[in-house]
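Values in this text are rule-based calculations from the coordinates and carry no lab data. Here the structure is a predicted model, which means the values were calculated and not measured. Quick reminder, even Gly has a Cβ in these numbers, built from the backbone with ideal geometry, and neighbours come from all protein chains shown.
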Amino acid sequence: MEENKNGIETKSRRSDAIQKGITNFRADSSQLYERHHELTDGLRQMETGGPIFDSKIVKLVWNVDDVARELECSVRHVRKLVSENKIPYLKIGRLVRFSPLRVREWLQKGGTR
């Protein structure tokens with residue numbers, strides 16, 4: 001009988017530990033979610049000669065689609081700017097990537113390299 005009693009107590013302890021773990025996970029994920037929004041809001045409010053993160057896209061590296069969305073133009077036009085070397089970009093193998101900071105600086109200079 002003691003084995004069953006101990007077994008039941010062990011199952012109860014495991015169940016309590018699992019419930020506690022789930023509760024802690026939910027609390028941690030909620031805090032991370034709130035902190036993520038605080039950071040992204042802070043980035044949007046940063047100013048260095050104007051709000052550089054006051055944009056539709058908050059990423060460290062952009063692809064062609066992101067630049068087209070930011071410039072409100074077609075992807076084809078962005079590719080043309082790249083082929084004519086008119087916009088600052090970086091090639092990583094076959095991939096074309098852009099620094100949001102460099103693109104915004106380029107725009108502030110009037111879009112000339």
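Cross-link partners among lysines for LYS11, C-alpha distance below 20 Å, same-chain residues fewer than 8 apart left out?
Candidates past the 8-residue exclusion: LYS20.
Whole-Hz Karplus ³J(HN,Hα) for the stretch 89-101, in order, using 6.51 cos²θ - 1.76 cosθ + 1.60 and θ = phi - 60°, x for Gly and Pro?
8, 9, 9, 10, x, 8, 7, 9, 10, 9, 8, x, 5
Would you order GLU84, GLU70, GLU105 from fewest to most other beta-carbon atoms within 10 Å of each residue's own beta-carbon? Kindly include the intermediate steps, with their values, before the conclusion.
On the way: GLU84 9, GLU70 18, GLU105 13.
With the fewest neighbours first, GLU84, GLU70, GLU105 line up as GLU84, GLU105, GLU70.
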